[in-house]
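Novice: Can you read through this structure? Questions will come right after.
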Amino acid sequence: MTNIFKNIFIAFVCLLLIVSISILVVLWTFSNNIPDYKFLKNYKPPVSSKMYSGNGDLVADFSKEKRIFVPYEAIPQNVINAFLSAEDKNFFTHPGVDAKGVLRATINNIQNIMTSKRLEGASTITQQVAKNFLLTNEISLNRKLKEAILAFRIERALNKERILELYLNQIYLGSGAYGVAAASLEYFDKSIKELDYAESALLAALPKAPSRYNPYKNLDLAKFRRNLVLKNLLDNNFLNLKEYKEYIKQNIKLKKTKKVFLEDAQYYIEDVRKNIIEKLTYEKVYKQGYNINTPINLELQKIATESLRNGLEAYDQRKGWRGPISNIKYKDNWNENLDKKFDLENSINWQIAIVKKVNQFNALIETENNLKGIINYKDISWTRKEFKDLLKIGDIIYVKKLKNNLYSLKQLPEINGGIVVMNPYTGRVIALSGGFSFKNSEFNRASQALRQPGSAFKPFVYALALENQFTPSSLVLDAPLVLDQGIDLKKWKPENYGKKFYGPSTLRVGLEKSRNLMTVRIAQNLGVDKVASFSKKLNIYNDPQELLSISLGSAETTLLNLTSAYSSFVNGGKLIYPVIIDRIQDSEGNTIINNENRKCINCDKISFTGEDYPEIEDNYKRVISEQTAYQVTSFLEGVIKRGTGKKLRDLKLNLAGKTGTTNENTDAWFIGYTSNLVIGVYVGMDNPKPLGKYETGSKAALPIFKEFIKKAVKKSDSRPFKVPEKITLMVVDPLTGEKAKFTSKNTIIEAYKSKNVIDGKVLYSDNNRLDLNNILKFY
């Protein structure tokens with residue numbers, strides 16, 4: 001009997017030894033083939049970079065995954081308790097693998113197999129960290145063994161708080177949200193610190209099956225799963241019975257984060273995105289959680305976009321109806337196979353509709369959302385057609401809802417354009433739109449399109465003249481001119497718009513009336529090399545050819561660069577560059593890019609409660625004198641009062657600006673400004689071609705500027721332009737430039753540099769005085 005027990009004991013020891021050796025061999029084999037886990041100690045999950053407006057509103061989110069990293073110390077205890085109760089209640093006591101949990105799951109799974117139920121897992125939070133960071137989702141014994149080994153090793157390398165921090169920031173919680181902070185915003189529009197136990201329990205319910213328990217998809221199932229987590233919280237003594245009963249009665253109240261990711265701002269957002277990727281690389285922008293502060297003003301951005309769209313539509317409607325998108329046979333599911341590229345509902349609130357019936361004075365339609373509607377005659381009046389000649393049954397068209405079931409007929413403009421709004425003192429771009437619809441075309445006509453500015457370039461020629469001893473009253477001959485362009489090239493014969501000539505005219509009149517011949521003569525006198533060099537200095541052109549035609553805006557530039565150059569007339573002659581990013585900070589608040597070019601000299605010395613004012617110094621380069629800048633502004637005020645911009649007079653605001661039109665009316669411009677804003681507008685075809693007779697800068701571009709000013713600028717904001725020192729104001733005859741007599745009726749106040757005025761008389765330099773009448777004839 002003793003031998004029998006002895007043999008059994010020896011066999012048991014041998015078996016135990018074999019099993020132990022086998023386990024050791026298996027563990028050794030798998031241990032040599034598992035990923036490196038040590039990087040988790042300093043690992044930071046990829047975090048989205050966020051773009052903010054000048055007022056601190058969230059504008060855009062640059063990320064592959066929606067995630068906001070929060071350290072363990074910032075995660076509230078109720079969120080931690082909810083996840084522990086749902087996923088791993090023994091987390092703080094087990095060594096990485098929960099033996100009790102494994103045993104319980106094994107017993108339960110035997111019953112589940114017999115009853116054909118879903119098998120339950122026993123993975124701890126540490127095991128889930130190992131799987132999410134280091135392994136795949138493969139369902140196999142191989143992966144489970146590696147997971148367990150890694151869990152033990154991770155527990156030895158990291159403390160529990162760090163493991164939980166990794167888990168709560170990495171876990172996918174549905175609707176594109178990774179981590180508890182992003183999920184809190186996605187489902188409740190709250191910081192995690194504001195969550196109660198019911199809301200925390202809902203988030204803790206999601207890791208099991210994020211899609212299945214997503215409350216946006218299945219509210220009842222989500223509530224059922226949430227209540228299970230609340231029951232676990234009760235069982236684990238995190239809630240008392242009274243609290244538990246109150247929480248399970250609560251309905252799930254969802255609230256999505258208010259997204260200001262507007263179609264209105266898409267061109268601006270895309271320019272910012274490309275800019276920071278160029279500076280910081282794609283990987284860093286999409287993973288390192290930068291905070292990008294920009295100057296964009298969302299209210300002005302909306303006005304700018306609406307003004308541009310309305311102006312482009314107005315032009316397009318002047319050209320009439322081009323026809324429907326297509327024509328199909330009507331059937332109940334007509335809208336199922338529509339090309340998504342035509343869908344503009346979420347971008348500019350236009351819907352696609354099909355025409356069901358055409359009457360004499362209206363048409364019956366059905367929208368892509370299966371809503372019935374009516375288009376009345378007044379809402380197609382711009383087409384200048386009758387309904388019977390305009391629409392047919394089965395026509396696919398764009399419509400915009402007016403009220404109730406009434407709609408207006410729309411068509412996507414062939415023309416396009418851009419608008420830029422800037423602070424002339426800092427270059428901060430407050431609003432920018434590069435086209436009618438970003439969804440329809442991502443090409444940015446404000447910052448990418450190279451176009452001829454035409455007459456919008458002329459103020460720089462006149463500024464250069466004023467810098468070179470011309471005065472506002474210098475007389476320049478407006479008469480025919482023929483110029484050689486070089487060997488084997490035709491002679492160039494510039495003409496005024498309207499093909500008229502006006503004889504000797506003052507410098508002011510030349511710019512106010514946009515006289516081409518006067519401008520060419522001035523450029524010829526100055527030297528085309530000076531004009532080209534000056535335009536390059538102002539960053540209008542990169543490498544312009546030294547041709548006289550450059551004085552009429554024949555070289556190509558962008559709306560953004562031209563608008564920026566106009567800022568020099570407002571800010572006293574300083575060169576500024578467009579700024580679309582104010583500052584970029586990393587996830588820890590360190591500033592890595594700062595585009596502020598000014599500094600306060602005495603801010604550390606003055607008291608905020610005292611009467612002293614901060615003294616601000618900037619590093620902007622001076623390109624023209626303050627006096628010249630003001631003289632050009634005075635000229636451009638005259639453009640509004642008496643010249644090509646007189647359609648703005650009824651606004652009764654202090655405005656200055658210049659129209660621009662290229663040959664055959666191919667491109668139309670208007671650049672204008674108040675004392676604190678500069679606004680540039682460009683209108684033209686993407687494939688350049690004439691816009692049509694009379695479609696000048698004054699008709700096609702100026703109305704866009706006017707609408708923006710009417711909506712965005714109050715009279716109190718439109719202050720008179722500051723007159724600098726060393727400027728003498730005199731009352732003169734605008735046509736001759738001579739000092740006005742007491743009997744003169746037609747007079748203006750002219751601005752002269754004080755050095756050019758002695759005893760009330762304007763002095764002219766010898767090289768700009770060809771006869772006693774001061775008539776300058778440049779042939």
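Novice: Could you report region 459-544's accessible area per residue, 1.4 Å probe, as an integer in Å²?
Specialist: On the way: 3710 Å² over 86 residues.
Accessible surface, normalised per residue, equals 43 Å².
Novice: I would also like to ask the following. Got a sec to turn the phi values of region 510-518 into Karplus ³J(HN,Hα) couplings, 6.51 cos²θ - 1.76 cosθ + 1.60 with θ = phi - 60°, whole Hz, x for Gly and Pro?
Specialist: x, 7, 4, 9, 6, 7, 5, 5, 5
Novice: Moving on to the next point. Can you tally the net charge around Ile365? Count Lys and Arg as +1, Asp and Glu as -1, for every other residue whose Cβ sits under 10 Å from the Cβ of Ile365.
Specialist: Net charge around Ile365: +1.
Novice: What number comes out for the charge environment of Leu298, summing +1 per Lys or Arg and -1 per Asp or Glu over other residues with Cβ under 11 Å away?
Specialist: Net charge in that neighbourhood comes out at -2.
Novice: Hey, another quick one. Net charge near Tyr172: determine it from the other residues with C-beta under 14 Å of the C-beta of Tyr172, scoring Lys and Arg +1 and Asp and Glu -1. Walk me through the numbers on the way to the answer.
Specialist: Numbers: positive: Lys64, Lys66, Arg67, Lys131, Lys208, Arg212; negative: Glu65, Glu87, Glu186.
Spelling it out: positives minus negatives among the neighbours equals +3.
Novice: Calculate what fraction, in whole %, of the accessible area of region 681-743 sits on carbon and sulfur atoms when a 1.4 Å probe is rolled over the protein chains.
Specialist: 55 percent
Novice: May I ask you to give the solvent-accessible area per residue for region 266-316, in square angstrom, as obtained with a 1.4 angstrom probe?
Specialist: Per residue, region 266-316 has 38 Å² of solvent-accessible surface.
Novice: Please work out the C-alpha center-to-center distance from region 646-709 to region 547-608 and express it in whole Å.
Specialist: Comparing the Cα centres of region 646-709 and region 547-608, I get a distance of 23 Å.
Novice: On to the next question. Which option, (1) 111, 68, 57; (2) 144, 76, 62; (3) 81, 64, 47, is the value of Cα extents along the principal axes in Å that was calculated from these coordinates?
Specialist: Matching the structure shown: (2).
Novice: Follow-up question, since we're still on this one. Send over a whole-number figure in Å² for the accessible area per residue of region 569-725, probe 1.4 Å.
Specialist: Accessible area per residue: 50 Å².
Novice: Could you work out [θ]222 nm for the chain from helices alone, using -39500 (n - 2.57) per DSSP H run of at least four and dividing by all its residues? Round to the nearest 500 deg cm²/dmol. Kindly include the intermediate steps, with their values, before the conclusion.
Specialist: Details: 22 runs with 266 residues, N = 779.
Rounded to the nearest 500, the figure is -10500 deg cm²/dmol.
Novice: Moving on. What's the magnitude of the charge dipole for the chain around its Cα centre, counting Lys and Arg as +1 and Asp and Glu as -1 at the beta-carbon? Answer in Debye, nearest 20.
Specialist: Computed about the Cα centre, the dipole is about 1580 debye.
Novice: Something else about it: Step through the residues of region 268-280 one at a time and calculate ³J(HN,Hα) from phi using the Karplus curve (6.51 cos²θ - 1.76 cosθ + 1.60, θ = phi - 60°), rounding each to whole Hz and writing x for Gly and Pro.
Specialist: 5, 4, 5, 5, 5, 4, 5, 5, 6, 5, 4, 7, 10
Novice: Between helix 219-235 and the chain, what is the angle of the helix's C-alpha long axis to the longest principal axis, kept within 0 to 90° and rounded to the nearest 10?
Specialist: Between helix and principal axis, roughly 50 degrees.
Novice: At a 1.4 Å probe radius, carbon and sulfur cover how many percent of the accessible area of region 502-572?
Specialist: Carbon with sulfur: 41 percent of the solvent-accessible area.
Novice: Once neighbouring chains are kept in place and the probe is 1.4 Å, which whole percent of the accessible area of region 179-257 is contributed by carbon and sulfur?
Specialist: Ligands and nucleic acids excluded, carbon and sulfur give 49 percent.
Novice: With point charges of +1 on the Cβ of Lys and Arg and -1 on the Cβ of Asp and Glu, referenced to the Cα centre of region 567-696, which listed residue (Tyr620, Ile601, Gly638) lies farthest in the positive direction of the dipole?
Specialist: Projecting each Cα onto the dipole axis, the largest value belongs to Gly638.
Novice: Related question: Would you be so kind as to identify which of Tyr197, Thr557, Ile163 lies farthest towards the positive end of the dipole of the chain, taking Lys and Arg as +1 and Asp and Glu as -1 on Cβ and the Cα centre as origin?
Specialist: Among Tyr197, Thr557, Ile163, the one farthest towards the positive end of the dipole of the chain is Tyr197.
Novice: When the Cα centres of region 219-258 and region 347-384 are compared, how far apart do they sit, in Å?
Specialist: Spelled out, the Cα-based centre of one part sits 48 Å from the other.
Novice: A follow-up question, please. What cysteines in the chain have no other cysteine with a beta carbon less than 4.7 Å from their beta carbon?
Specialist: Cys14
The values are calculated or read from the model by the stated rules, or taken from the named source; none is laboratory data. Predicted, not measured: the structure shown is a model, and the values here were computed from it. Please note: Cβ atoms are built from the backbone with ideal geometry, for glycine as well, and neighbour counts cover all protein chains shown. Surface accessibility is based on the protein's heavy atoms, side chains included, excluding ligands, DNA and RNA. Shrake-Rupley method; radii C 1.70, N 1.55, O 1.52, S 1.80 Å.
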